[in-house]
1. Within the stretch 272-306, count every residue that is farther than 24 Å from A37 by Cα, open to solvent by less than 70 Å² (accessible area, probe 1.4 Å) and either touching a residue at least 60 places away in the same chain (Cβ under 8 Å) or of a type in the set (S, T, N, Q) (or both).
2. Only residues that are aliphatic (A, V, I, L, M), buried (at least 20 other Cβ atoms within 10 Å of the Cβ) and closer than 25 Å to D205 by Cβ: list them for the stretch 84-125, please.
3. Restricted to the stretch 196-215, and to residues that are open to solvent by 20 Å² or more (accessible area, probe 1.4 Å) and over 11 Å from the mean Cα position of the chain (by Cα), which residue is nearest to E20 (Cα to Cα)?
4. Within the stretch 195-204, does at least one residue satisfy the condition of being small (G, A, S) and not in a helix (DSSP H, G or I)?
5. In the stretch 74-83, which residues are in contact with a Ser or Thr (Cβ under 9 Å, 6 or more places away or on another chain) and open to solvent by 20 Å² or more (accessible area, probe 1.4 Å)?
6. Need the failing condition index for Q33 against (1) open to solvent by 10 Å² or more (accessible area, probe 1.4 Å); (2) assigned to a helix (DSSP H, G or I); (3) farther than 30 Å from G229 by Cβ; (4) among the polar types (S, T, N, Q), just the number.
7. For the stretch 134-169, enumerate the residues that are farther than 23 Å from L116 by Cβ and of a type in the set (G, A, S).
8. Which is loosely packed, with under 14 Cβ neighbours inside 10 Å and under 26 Å from D38 (Cα atoms), of E129, E171, E158?
Amino acid sequence: MTKSPLLSLPGAVPAEGPDEGVAAHYGDLFREQRALADGTGFVDLSHRPVVAVSGEDRLSWLHLLLTQHVSGLPPGRAAEALILSAHGHIEHALYLVDDGTTTWMHVEPGTQDDLLAYLESMRFFYRVELRDATGDYAVVHLPAGSIATVPDGWVVRETPYGRDVFVPRGELESFAEQAGPPIGTLALEALRIEAHRPRLGLETDHRTIPHELGWLDTAVHLDKGCYRGQETVARVHNLGRPPRRLVFLHLDGSEVKLPGHGTPVRLADEGPEGRQIGFVTSSARHYELGPIALALVKRNVPADAVLLAGSVPANQEIVVAP
């Protein structure tokens, strides 16, 4: 675990689970969410591993391994990509940007060793160099609309949701001083759930395929050449029948406790002892929407059915069409 020095900032409460090592919040969760939505502040993501791939063959080589079309990725353009198993199940999620000489990516905590081992096994005769750059660089997220200044020469991954800045780790504290008020990962998670964006290890299990989560829209290029797992992607896409689908849940606000990751989801008309038709993947308290969640349910669950997340009634909103 990489423990951030920014945990020493006033009010910092350490996060648990996959975001352990940085702050969950700094004392006012809803204020932090509003600030993030308004484009102010920064989120410390320095616990996320950073992997760097250099060498003149880096993009053409990555293109062969990833679900995304990256062979001609222009410098500065962000990309999102997956690595699949031979059966099409999601193994890694990568958030990339190329600076003209090196492809930078940040990944989920705890996944970098397996990722680097797989990439190393696929090097063959390609002119690429791999390294775990986590010790040298820390990721900081600036929301869309942020006016924080990023020094020239730093690597920035810009998306519709904001900028992921690869900060030299020795300059993390000084950068944080001018980036605005600190915002914890719980605020970022609430906005992620609101935006229906999946996260590896939360929305995924050992058999998840991209179609179930809507990742075809952002992380999979359907017209590129072969890569591991492509046969499953093409077959399920053409048939249009993924076994499960991601849904967004508006939870009953009368319950005090949020249903956590893995909480069984059932049909409300069958009651809390009914058959399980899915599970909660992520949940949060949103500053405007109240308690919300994402869940993975069976494809044939009626889109208008009221669900139970544990004992909490929930109305579903379609993310992936049945």
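The values are calculated or read from the model by the stated rules, or taken from the named source; none is laboratory data. Since we're looking at a predicted model, the values are computed, not measured. FYI the Cβ positions are ideal-geometry reconstructions off the backbone, even for glycines, and counts take in every protein chain you see. These accessible areas exclude ligands, DNA and RNA; they are computed on the full protein's heavy atoms, side chains included. Shrake-Rupley method; radii C 1.70, N 1.55, O 1.52, S 1.80 Å.
1. Qualifying residue count for the region: 1.
2. Within the stretch 84-125, the first condition is being aliphatic (A, V, I, L, M), and the residues that meet it are 84, 86, 90, 93-94, 96-97, 105, 107, 115-117, 119, 122.
Next, only the ones that are buried (at least 20 other Cβ atoms within 10 Å of the Cβ) stay: 84, 90, 93-94, 96-97, 105, 107, 115.
Passing the criteria: L84, I90, A93, L94, L96, M105, V107, L115.
3. D205
4. yes
5. P75, A78, E80
6. If we test Q33 against (1) open to solvent by 10 Å² or more (accessible area, probe 1.4 Å); (2) assigned to a helix (DSSP H, G or I); (3) farther than 30 Å from G229 by Cβ; (4) among the polar types (S, T, N, Q), just (1) comes out false.
7. Residues satisfying the conditions are A144, G145, S146, A148, G153, G162.
8. After ruling out the rest, the residue left standing is E171.
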